[in-house]
Amino acid sequence: MAASLPRLCGLFKRAITCHVGCAGRPQPFRGLLATAGGKATGGPASTSACRLSVQQAMDLWRQMFERSGVSEPALSSQYIIAHVMGAKTIESLGSRRLSEMLTERQAQCIWELCRKRLSRMPVQYIIEEWDFRDITLKMRPPVFIPRPETEELVGLVLSDLLATQGAGVAALEVGCGSGAISLSLLHALPQLQVIAVDRSRDAVALTRENAHRLRLQDRLEVHQMDMILDAEDLLRDWSPVDLLVSNPPYVFSQDLAALEPEILKFEDSDALDGGADGLRVIQQILTLAPHLLKDGGRAYLETDPRHPPLIRQYVEEHAAAGLRYLRTHRDVTGRPRFSVLKKEGAGH
Ligand SMILES: C[S@@+](CC[C@H](N)C(=O)[O-])C[C@H]1O[C@@H](n2cnc3c(N)ncnc32)[C@H](O)[C@@H]1O
């Protein structure tokens, strides 16, 4: 018979309490997992039975997450427990450590972090860091958690830059969030200089912190600016650049309510909400891009799959502004997600 969620929680708490007790005086305890499965072994157990192994804790929390409807229950449990054990992944812990008994402190820490996951906090905020391409970024709510598709956007920019001049390029990122795009570009291209702007104070602070952690702060300027409200300042202070990159808010407002509770409860809605047609910030980028970019400069945008044809149409209707739609790229799942544009100029 499967144990109920409150019962599983109780079992884990009991393991901690019992283990705390174990540190002082022995207490009688029945085999924990046998009890969880409804088959108590009976009789007082040794003090070591109070404790859980890494593997047992992982199984127990996976079950708790499953029963409370938390998405990716197995991965959630693995990431949190690996983090507490000082590793990035369970695989990197190695099988020998899976049978290691948790200390009181580790069990308590797992309990506290997994309770956050039960409240639907994303794992990235719980463990406070996340890998993006080949860098590790500090994560903090409500700053947007970088998504895997954005790694593809960076790959696209890098392959174009490496195929052309590569070095000595000045780039502008609109909506830097945690700094994922700017910092991974800076990490890959030692000659690159980046100006990153975001309307959110939290995002600007986190990008700066991540830049310092990665020792990339000397080639990055971060400013709290709103692409719409501060357009004049942006044009006056930061143009022209060779490259503009953005993963702007592009979710259609009416689609927001259908997003996962992890997103709705914890991530900044301004990072997601692109207005009725998802184009509020995108359109402003398209309006300013011809003035922000040098002749021959390029803009790379990540959007909803419905946006590339609309972006192309807008650019063609405003051809006099000097922007040309170069191509659409699909993500690994085949959805058209990335638009590449070019500022036309003499000789380009
Ligand atoms: C989808 S998130 C992308 C964050 C980061 N670049 C990434 O890919 O992980 C969009 C970001 O744009 C910022 N943003 C939204 N509206 C903006 C505006 N009008 N001007 C500047 N930044 C804006 C949000 O604060 C958020 O950090």
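The values are calculated or read from the model by the stated rules, or taken from the named source; none is laboratory data. The structure presented is a predicted model; accordingly, all values stated were derived computationally and were not measured. Here the Cβ is made from the backbone with ideal geometry for all residues, glycine too, and neighbour counts use every protein chain on show. Accessible surface is based on the protein model in full, side chains and every heavy atom, while ligands, DNA and RNA are left aside. Shrake-Rupley method; radii C 1.70, N 1.55, O 1.52, S 1.80 Å.
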Exercise for the section: Considering every residue within the stretch 41-62, establish whether at least one is within 16 Å of the ligand (Cβ to nearest atom) and of a type in the set (Phe, Trp, Tyr). Expected result: no
Exercise for the section: Report, by residue number, each residue of the stretch 184-200 that is over 19 Å from GLY297 (Cα atoms) and either in contact with a strand residue (DSSP E or B) (Cβ under 6 Å, 6 or more places away or on another chain) or polar (S, T, N, Q) (or both). Expected result: SER184, HIS187, SER200
Fill in the blank from the handout: Scanning the stretch 106-160 for residues that are assigned to a loop (DSSP other than H, G, I, E, B), more than 10 Å from the chain's Cα centre (by Cα) and within 30 Å of GLY296 (Cβ to Cβ) gives ARG133, ASP134
Exercise for the section: Return the residue satisfying two criteria in turn: it lies in the stretch 250-296 and is within 18 Å of ASP198 (Cα to Cα), in contact (Cβ under 8 Å) with a residue 60 or more places away in the chain and open to solvent by less than 20 Å² (accessible area, probe 1.4 Å), and of such residues it is farthest from the ligand (Cβ to nearest atom). Expected result: LEU292
Problem - Unique match (being of a type in the set (A, V, I, L, M, F, W, C), within 9 Å of the ligand (Cβ to nearest atom), open to solvent by less than 10 Å² (accessible area, probe 1.4 Å) and not in a strand (DSSP E or B)) among ILE181, ILE228 - result: ILE181
Exercise for the section: Considering only the stretch 210-219, state which residues are more than 13 Å from the ligand (Cβ to nearest atom) and either assigned to a strand (DSSP E or B) or not charged (D, E, K, R) (or both). Expected result: ALA211, HIS212, LEU214, LEU216, GLN217
Problem - Index of the failed condition, SER76 passing every other in (1) surrounded by fewer than 17 Cβ atoms within 10 Å (Cβ to Cβ); (2) over 30 Å from LEU158 (Cβ atoms) - result: (1)
